Amino acid sequence: MGQAPVVYGQSSRPPRGDYERAGADFTCAQDFAAYTPQDHDTYHRLYERQSALLPGRACQAFIDVLPQLGAKERIPRFEDINDHLSRATGWEIVAVPGLIPEVAFFTLLANRQFPVTDWIRTPQEFDYIVEPDVFHDLFGHVPLLFNPVIADYMQRYGAGGLKAEHLGACEMLSRLYWYTIEFGLIREAQGLRAYGAGILSSSGELQYSVNSPKPQRLPLELARTMRTRYKIDTYQQTYFVIDSFEQLFALTEPDFSQLYDSLRDQPEFAADSTPLISP
Ligand code: PHE
Ligand code: FE
C-alpha cells in the first residue's frame, strides 16, 4: 500500500501488520485460521483479567453490553459479533491489518464500519502494548458501539474527520478522539468511571485513571482538549471528564470550522500542563 498510516505520537517502530493483505479501503478478511492456541489463550487471559476490574471502574453502559462480544475463551469471529451489532445500531466491524491512514479511517467510521485489527499481541506484551491489537479494538471499542448515542457520535466523528482533512485540522480533531473515545472518563451517579477504549482494555490504566490521585481530571471542554498534546506510550497525565454521552454528543454537534480557525494560532498545552499555567 502506498499510503503509510499516520501516527501523531512518537513511536520507535513501524506498524507490524501485513498491509499486503488489505484492499484499497485498508480492510481485509479476518485471518481466523492464523490464530494459534496461544493466541486464543492470550485473549482469554486478557479478557478474564480485564472483566474482573470492571465493577466500580467501567461505565455501566459498557458492563451491560460486554457479553455481546460472545464467549471469552477464544478470539471471536467478527461476523458473529456483526449479527448482533448491526441489529442494535447499524454498525459493523471490519478487519484491518493494524493502524490505517486517517482518511481511510474516517471514511469507514462515516459509513458505520469500525476497523478492528485482527492479530493479537505476544505474551510478552500482556501488560502493555502501544499499537492496537484485536483485544484493544474488540474489548475496548466494540461494546460501546452497541450504545445508540456513542454509535451516532462515532459516525459523526468520521464525517467530521473528512471535513477536518480538508481544513487541515486533523491533529486537533484527533485529540478530541484521543481524550474521549480512547481515554474518556464519565461522572456517573456512583462515581467516576471509564468509557475510553484505551483505558478499558488496559489493566494498569483502568485502575490508575479512575483510582489514582496522580493524574489531572478536567471537565471536557472542546478548545482545551484540542489544544492538549498527548502521549501514546505512557498512562495519560490528563483526563477529560463528561457527565453523559448526551452531553458529549451535544458538545460536538456544532460545526467546528470556526473553532479550528480560532485555535490554529493558539499555543498547545503539554500532556501534563495544569489548567492555570500557560504552556
Ligand atoms: N461537529 C464536528 C464538525 O463540524 C464533527 C464532529 C462530530 C466531530 C462529532 C467529532 C464528533 O467538524
Ligand atoms: Fe483504540
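The values are calculated or read from the model by the stated rules, or taken from the named source; none is laboratory data. Model, not experiment: these values are computed from the prediction. All Cβ positions, even for glycine, are placed from backbone atoms using ideal geometry, and neighbour counts span all protein chains on display.
Tabulated data for the structure shown
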item: All positions within region 196-205 that are within 16 Å of ligand 1 (Cβ to nearest atom) and not in a loop (DSSP other than H, G, I, E, B); result: 197
item: Test result for residue 78, aromatic (Phe, Trp, Tyr) and either touching a helix residue (DSSP H, G or I) at 6+ places or on another chain (Cβ under 6 Å) or buried (at least 20 other Cβ atoms within 10 Å of the Cβ) (or both); result: yes
item: Of all residues in region 157-174 being more than 19 Å from residue 229 (Cα to Cα) and more than 6 Å from ligand 1 (Cβ to nearest atom), the one that is surrounded by the fewest Cβ atoms within 10 Å (Cβ to Cβ); result: 166
item: For residue 256: the one exception among (1) within 27 Å of residue 50 (Cα to Cα); (2) at pLDDT 95 or above; result: (1)
item: Pairs where the first residue, in region 251-268, is among the basic types (Lys, Arg) and the second is surrounded by 15 or more Cβ atoms within 10 Å (Cβ to Cβ), C-beta under 9 Å, 6+ apart; result: 264/169; 264/172
item: Criterion (more than 21 Å from residue 100 (Cβ to Cβ), away from ligand 1 (no atom under 13 Å from the Cβ) and buried (at least 17 other Cβ atoms within 10 Å of the Cβ)) met by exactly one of 193, 217; result: 193
item: Hits in region 238-274 (condition: of a type in the set (Ser, Thr, Tyr), away from ligand 2 (no atom under 16 Å from the Cβ), closer than 30 Å to residue 60 by Cβ and buried (at least 18 other Cβ atoms within 10 Å of the Cβ)); result: 238
item: Whichever residue in region 59-75 is part of a loop (DSSP other than H, G, I, E, B) and in contact with a helix residue (DSSP H, G or I) (Cβ under 7 Å, 6 or more places away or on another chain) and, among such residues, is surrounded by the fewest Cβ atoms within 10 Å (Cβ to Cβ); result: 73
item: Residue in region 82-92 that is within 30 Å of residue 168 (Cβ to Cβ) and in a loop (DSSP other than H, G, I, E, B) present; result: yes
item: Among the residues listed as 247, 216, the single one being more than 23 Å from residue 270 (Cα to Cα) and of a type outside the set (A, V, I, L, M); result: 247
item: Residues of region 206-223 classified as within 19 Å of the chain's Cα centre (by Cα) and either assigned to a helix (DSSP H, G or I) or on the phi > 0 side of the Ramachandran plot (or both), total; result: 6
